[in-house]
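Asks: Next up is a structure, given as structure tokens.
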Number of protein chains: 2
Amino acid sequence: MPDIAGATPRIARAGYKDWGRCDLTFVELSAGTTVAGVTTRNVCCSSEVELCRENLKGGKARALVVNAGNSNAFTGYRGRDAVEAITAKVATHLGCAQSEIFVSSTGVIGVPLPKDKAEVGLDRVFKTDPCTWEAAAHTIGTTDTFAKGAMASAMVDGRKVHLVGIIKGSGMIAPDMATMLGYIFTDAAVDAPFLQQLLSASNQSSFSCITVDSDTSTSDTVLAFATGKAGNAILRSLEDAGASAFASALNDVCRQLAQLVVRDGEGAQKFIEISVTGAISDDSARRVGLAIANSPLVKTAIAGEDANWGRVVMAVGKAGEHADRDKLSISFGAVTVARDGLPVDGYDETPVAAHLKGENINIGVDLGLGDGRATVWTCDLTHGYISINADYRS
Amino acid sequence: MPDIAGATPRIARAGYKDWGRCDLTFVELSAGTTVAGVTTRNVCCSSEVELCRENLKGGKARALVVNAGNSNAFTGYRGRDAVEAITAKVATHLGCAQSEIFVSSTGVIGVPLPKDKAEVGLDRVFKTDPCTWEAAAHTIGTTDTFAKGAMASAMVDGRKVHLVGIIKGSGMIAPDMATMLGYIFTDAAVDAPFLQQLLSASNQSSFSCITVDSDTSTSDTVLAFATGKAGNAILRSLEDAGASAFASALNDVCRQLAQLVVRDGEGAQKFIEISVTGAISDDSARRVGLAIANSPLVKTAIAGEDANWGRVVMAVGKAGEHADRDKLSISFGAVTVARDGLPVDGYDETPVAAHLKGENINIGVDLGLGDGRATVWTCDLTHGYISINADYRS
């Protein structure tokens, strides 16, 4: 992934857990960097999320700190103390306001983040050399099995601007409005309100369209930082030249990052894309898609490579959305298996079986009611998910 | 389980699947029997459910027919034809109206119920000897691993009245308003509107408080039949003598039946009772309880005998209900592990670990906001669930 002028990642070992790996990521941002963000709707959110929300009001950022191995969620005033110690120390180091420092933590819930370890980690990271985005992506991970990043570029105001994104997540994934620990960096100049508008829109068709297990994390956050070092005229609205190209590049990065989380879903063996059409609205289509994507019976059928479309019908019916059993059509891969509320007589099972043996599964649902459409992504539910989560110690 | 005067069960083999067992259950009801019912909210419901809803308006029943091995859901006009053939044949046999015959089917979705097999099965069952409730409970089951029944009695108008209930279900269990294939028979005399009122109320604290996998069946139905053969003065309202005793006995049977479904949850190794107190309303408490009960991460933690209360916090937070992180208390068994939004310092892990090793797990959540309370029941999520559902052919 390319360097982003004005955004410099570094990693170090704070020792939040008894492990040898780096677990603290520090990204220094040049003066003038704008920021936007979307955060979890979980009402039991962490101090980090609360502070992010407060700091987003200012729209300015000078640094991001990500702690891995301890989520600091549900830790009361001690958790808040640790976050404030971090922002104070970084602000002193950079000579900026505490409100320009953004902190995330991920890992076990309920254990206060050890302030002393954070301070040791920061002292180390301040002195270390910059690292690659790949190394940063690896360091923010916990149960992730691979480092996740994405990139895009766009022509804005005669200049090529770059975007890179890194993300972590594989379980407790069912974003409601936002979520995921994801960070996007760009050298484009974009003012904060417009960056927020674009990020919120991208989120609707990316992070809000994935689910691994229907569980919503207490810590999840997606932040976008724009350093402005590309030197383009500041983007303030969709009317500005290059704004559409930038929006499209941002969409692209968000969708790539979101899909990477599903591909690394805990125990996942298959990546499932569910396309819903013919709903009464796009929102309704998304909710139907997520009802299918969250159904344990659909997810286990796919794990078993079984074209059990009856379970898809069941999931459509329980979604609580407008649907008419007798107008419903369902396809697996390119083959329509049910149409207008009836199984298709003698459809060819061979291509369906072949499709289900692959890694990438497409399920199509047409509700036959209107023009609403949405695509959501999930993974299958396997023995691997059970093994990972029945053994992971609280 | 005791005989119920006026309700006579019989079983036979229709051969809906290629198996040697009986798969058709026929319960003849004496003239004057009243009926009440609650049915699934799944909008893709079966023809059987549609017909049940129509026939419930009449409030009178002369027979129940339950087909096992084929749910007849999502089968269009052919499915409807099969159900009407059954009601016509039974009505002719008994000399009653078709609207007094109630039919349920359970099993694979999307294959029309074979009308010829149903007719052969009915011819056989009409000629067979009555059977026990245990045999009927066994015959209505599909993936169930044991036959499920419950009983109770009450003194009404100086007479002892009896109730028996049978139920099937172990997967696709997340009732929304109603559900389950369950049948309750009583010799009490209860008029149909009052029976409906009592059944709907019982349902709220029994069938609506259980979940196995968050999936809602397309076929689920609970029906209560009152033959009146006990000879008591007809119960018409809660003011009538004995009505409270009867209501309490009905509650008791519904709760027993609901819990049996969870105990037989697919792959279940542990029975989990979740008590939520301090919510802003009983409904809110129930929704918080179900969010915990449906969380794959909570259910896998219990499977792993791990007191991972952080996952309970997460589930409370994602429920979409009023909750205040800093007022939340959580207990496992008799031990409070978190209080007022903080882990309890140095709580004794020994009794918690011992509790989690048992088969019956109690999770307590106090939201600290109001007087709303609810108890819900679920089971753990294990490798067994994956094995059963990744292999079950559509």
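Asks: Quick check: anything in the range A:72-88 in contact (Cβ under 8 Å) with a residue 40 or more places away in the chain, away from chain B (no Cβ under 14 Å) and not aromatic (Phe, Trp, Tyr)?
Replies: First pass over the range A:72-88, keeping only residues in contact (Cβ under 8 Å) with a residue 40 or more places away in the chain: A:72-74.
Filter again for away from chain B (no Cβ under 14 Å), leaving none.
Within the range A:72-88 (the criterion being in contact (Cβ under 8 Å) with a residue 40 or more places away in the chain, away from chain B (no Cβ under 14 Å) and not aromatic (Phe, Trp, Tyr)), the answer is no, since none of the residues qualifies.
Asks: How many residues does the range A:102-121 hold that are open to solvent by less than 10 Å² (accessible area, probe 1.4 Å), within 14 Å of chain B (Cβ to nearest Cβ) and either of a type in the set (Gly, Ala, Ser) or more than 19 Å from A:Cys52 (Cβ to Cβ) (or both)?
Replies: Step one: filter the range A:102-121 for residues open to solvent by less than 10 Å² (accessible area, probe 1.4 Å), giving A:102-105, A:110, A:113, A:118, A:121.
Pick out the ones that are also within 14 Å of chain B (Cβ to nearest Cβ) and you get A:105, A:110, A:113.
Subset that is either of a type in the set (Gly, Ala, Ser) or more than 19 Å from A:Cys52 (Cβ to Cβ) (or both): A:105, A:110.
Matching residues across the range A:102-121 total 2.
Asks: Of the conditions (1) surrounded by 17 or more Cβ atoms within 10 Å (Cβ to Cβ); (2) closer than 15 Å to B:Thr25 by Cβ; (3) polar (S, T, N, Q), B:Ser99 fails just one. Which one is it?
Replies: It fails just one condition, (2).
Asks: In addition: I'd like to check something: does the range A:167-176 contain any residue that is at pLDDT 80 or above and touching a strand residue (DSSP E or B) at 6+ places or on another chain (Cβ under 8 Å)? Walk me through how you get there before you give the answer.
Replies: Residues of the range A:167-176 at pLDDT 80 or above: A:167-168.
Restricting the remaining residues to those that are touching a strand residue (DSSP E or B) at 6+ places or on another chain (Cβ under 8 Å) gives A:167-168.
Scanning the range A:167-176 turns up at least one residue that is at pLDDT 80 or above and touching a strand residue (DSSP E or B) at 6+ places or on another chain (Cβ under 8 Å).
Asks: Can I ask one more? I'd like to check something: does the range B:255-265 contain any residue that is open to solvent by 30 Å² or more (accessible area, probe 1.4 Å), touching a residue at least 40 places away in the same chain (Cβ under 8 Å) and over 16 Å from the mean Cα position of the chain (by Cα)?
Replies: Residues of the range B:255-265 open to solvent by 30 Å² or more (accessible area, probe 1.4 Å): B:255-256, B:259-260, B:263.
Keeping just the survivors that are touching a residue at least 40 places away in the same chain (Cβ under 8 Å) gives B:255-256, B:259-260, B:263.
Checking the rest, the ones that are also over 16 Å from the mean Cα position of the chain (by Cα) come to none.
No, because not a single residue in the range B:255-265 is open to solvent by 30 Å² or more (accessible area, probe 1.4 Å), touching a residue at least 40 places away in the same chain (Cβ under 8 Å) and over 16 Å from the mean Cα position of the chain (by Cα).
Asks: Next up: Would you point out the residue of the range B:282-317, among those that are among the charged types (D, E, K, R), under 23 Å from B:Ala268 (Cβ atoms) and out of contact with any helix residue (DSSP H, G or I) (no Cβ under 6 Å at 6 or more places or on another chain), that is farthest from the other protein chains (Cβ to nearest Cβ)?
Replies: Filtering the range B:282-317 for residues among the charged types (D, E, K, R) gives B:282-283, B:286-287, B:299, B:305-306, B:311.
The next check asks that each one be under 23 Å from B:Ala268 (Cβ atoms); those that pass are B:286-287, B:299, B:305-306, B:311.
Next, only the ones that are out of contact with any helix residue (DSSP H, G or I) (no Cβ under 6 Å at 6 or more places or on another chain) stay: B:286-287, B:299, B:306.
Numbers: B:Arg286: 16, B:Arg287: 13, B:Lys299: 9, B:Asp306: 6 Å.
Across the range B:282-317, the extreme among qualifying residues is B:Arg286.
Asks: State which residue is farthest from the other protein chains (Cβ to nearest Cβ) when the search covers only the range A:328-345 and only residues that are at pLDDT 90 or above and assigned to a loop (DSSP other than H, G, I, E, B).
Replies: Residue satisfying both the conditions and the ranking: A:Ala334.
Asks: Can you confirm whether the range A:237-250 contains a residue that is in contact with a Gly (Cβ under 7 Å, 6 or more places away or on another chain) and surrounded by 24 or more Cβ atoms within 10 Å (Cβ to Cβ)?
Replies: Taking the range A:237-250 as the starting set, the residues that turn out to be in contact with a Gly (Cβ under 7 Å, 6 or more places away or on another chain) are none.
Within the range A:237-250 (the criterion being in contact with a Gly (Cβ under 7 Å, 6 or more places away or on another chain) and surrounded by 24 or more Cβ atoms within 10 Å (Cβ to Cβ)), the answer is no, since none of the residues qualifies.
Asks: Between residues in the range B:341-364 that are at positive phi and residues that are assigned to a loop (DSSP other than H, G, I, E, B) and buried (at least 18 other Cβ atoms within 10 Å of the Cβ), which pairs lie under 7 Å by C-beta distance while being six or more apart or on different chains?
Replies: From residues that are at positive phi, the pairs are B:Gly341/A:Phe74; B:Gly341/B:Leu328.
Asks: Go through B:Phe185, B:Phe194 for me and flag whichever is part of a helix (DSSP H, G or I), modelled with pLDDT of 80 or more and open to solvent by less than 10 Å² (accessible area, probe 1.4 Å).
Replies: Working: B:Phe185 fails: part of a helix (DSSP H, G or I).
Testing whether each residue is part of a helix (DSSP H, G or I), modelled with pLDDT of 80 or more and open to solvent by less than 10 Å² (accessible area, probe 1.4 Å) leaves just B:Phe194.
Asks: Please go through (1) surrounded by fewer than 22 Cβ atoms within 10 Å (Cβ to Cβ); (2) of a type in the set (Ser, Thr, Tyr); (3) under 20 Å from A:Ile166 (Cβ atoms) for A:Ser71 and return the number of the only condition it doesn't satisfy.
Replies: Single failed check for A:Ser71: (1).
Asks: Here is a further query. In the range A:269-294, what residues are small (Gly, Ala, Ser), open to solvent by less than 30 Å² (accessible area, probe 1.4 Å) and within 30 Å of A:Gly384 (Cα to Cα)? Outline the logic, then answer.
Replies: Let us first name the residues in the range A:269-294 that are small (Gly, Ala, Ser), namely A:275, A:278-279, A:281, A:284-285, A:289, A:291, A:293.
Still in the running and open to solvent by less than 30 Å² (accessible area, probe 1.4 Å): A:278-279, A:284-285, A:289, A:291, A:293.
Once the filter is applied, which keeps residues that are small (Gly, Ala, Ser), open to solvent by less than 30 Å² (accessible area, probe 1.4 Å) and within 30 Å of A:Gly384 (Cα to Cα), the range A:269-294 yields A:Ala285, A:Gly289, A:Ala291, A:Ala293.
Asks: Residue by residue through the range B:116-148, note down the ones that are outside any helix (DSSP H, G or I) and either modelled with pLDDT of 90 or more or of a type in the set (A, V, I, L, M) (or both). Please lay out each step first, then the result.
Replies: To start, the set of residues in the range B:116-148 that are outside any helix (DSSP H, G or I) comprises B:128-132, B:140-148.
The answer is B:Thr128, B:Asp129, B:Pro130, B:Cys131, B:Thr132, B:Ile140, B:Ala147.
Asks: Take the conditions in contact with a Pro (Cβ under 9 Å, 6 or more places away or on another chain), over 16 Å from B:Val161 (Cα atoms) and not in a loop (DSSP other than H, G, I, E, B) and apply them to B:Ala258. Does it pass?
Replies: Numbers: in contact with a Pro (Cβ under 9 Å, 6 or more places away or on another chain): yes; over 16 Å from B:Val161 (Cα atoms): yes; not in a loop (DSSP other than H, G, I, E, B): yes.
Yes: the conditions hold for B:Ala258.
Asks: Here is a list of conditions, (1) buried (at least 21 other Cβ atoms within 10 Å of the Cβ); (2) hydroxyl-bearing (Ser, Thr, Tyr); (3) modelled with pLDDT of 90 or more, and B:Tyr385 meets all of them except one; can you say which number that is?
Replies: Here B:Tyr385 meets the rest and fails (3).
Asks: Of B:Leu113, B:Leu163, which residue is closer than 21 Å to B:Ala31 by Cα and at pLDDT below 95? Reasoning before the result, please.
Replies: Values: B:Leu113 fails: closer than 21 Å to B:Ala31 by Cα.
Exactly one of B:Leu113, B:Leu163 is closer than 21 Å to B:Ala31 by Cα and at pLDDT below 95, namely B:Leu163.
Asks: For the range A:122-156, give me each residue that is open to solvent by less than 70 Å² (accessible area, probe 1.4 Å) and either out of contact with any helix residue (DSSP H, G or I) (no Cβ under 9 Å at 6 or more places or on another chain) or of a type in the set (Val, Ile, Thr) (or both).
Replies: First, pick out the residues of the range A:122-156 that are open to solvent by less than 70 Å² (accessible area, probe 1.4 Å): A:122-123, A:125-126, A:128, A:131, A:133, A:135-137, A:139-144, A:147-150, A:152-154, A:156.
A:Val125, A:Thr128, A:Trp133, A:Ala135, A:Ala136, A:Ala137, A:Thr139, A:Ile140, A:Gly141, A:Thr142, A:Thr143, A:Val156 - these are the residues of the range A:122-156 that are open to solvent by less than 70 Å² (accessible area, probe 1.4 Å) and either out of contact with any helix residue (DSSP H, G or I) (no Cβ under 9 Å at 6 or more places or on another chain) or of a type in the set (Val, Ile, Thr) (or both).
Asks: Could you go through the range B:381-391 and let me know if any residue there is touching an Asp or Glu at 6+ places or on another chain (Cβ under 7 Å) and either closer than 15 Å to A:Phe74 by Cα or more than 13 Å from chain A (Cβ to nearest Cβ) (or both).
Replies: no
Asks: When only residues in the range B:20-50 that are more than 14 Å from chain A (Cβ to nearest Cβ) and open to solvent by 50 Å² or more (accessible area, probe 1.4 Å) count, which is farthest from B:Leu195 (Cα to Cα)?
Replies: Looking only at the range B:20-50, we keep the residues that are more than 14 Å from chain A (Cβ to nearest Cβ), and these are B:20-38.
Remaining after also requiring open to solvent by 50 Å² or more (accessible area, probe 1.4 Å): B:20-21, B:28, B:31-32.
Numbers: B:Gly20: 37, B:Arg21: 34, B:Glu28: 19, B:Ala31: 17, B:Gly32: 14 Å.
Only one residue tops the list, namely B:Gly20.
Asks: Follow-up question, since we're still on this one. Of everything in the range B:305-327, what is open to solvent by 20 Å² or more (accessible area, probe 1.4 Å), more than 16 Å from B:Asp340 (Cβ to Cβ) and either of a type outside the set (Gly, Ala, Ser) or not in a loop (DSSP other than H, G, I, E, B) (or both)? Give them in sequence order.
Replies: B:Glu305, B:Lys318, B:Glu321, B:His322
The values are calculated or read from the model by the stated rules, or taken from the named source; none is laboratory data. Treat the numbers as computed from the prediction; the structure is a model and nothing was measured. All Cβ positions, glycine included, derive from the backbone under ideal geometry; neighbour counts span all protein chains shown. Quick note on the areas: whole protein, heavy atoms, side chains included, nothing else; ligands and nucleic acids left out. Shrake-Rupley method; radii C 1.70, N 1.55, O 1.52, S 1.80 Å.
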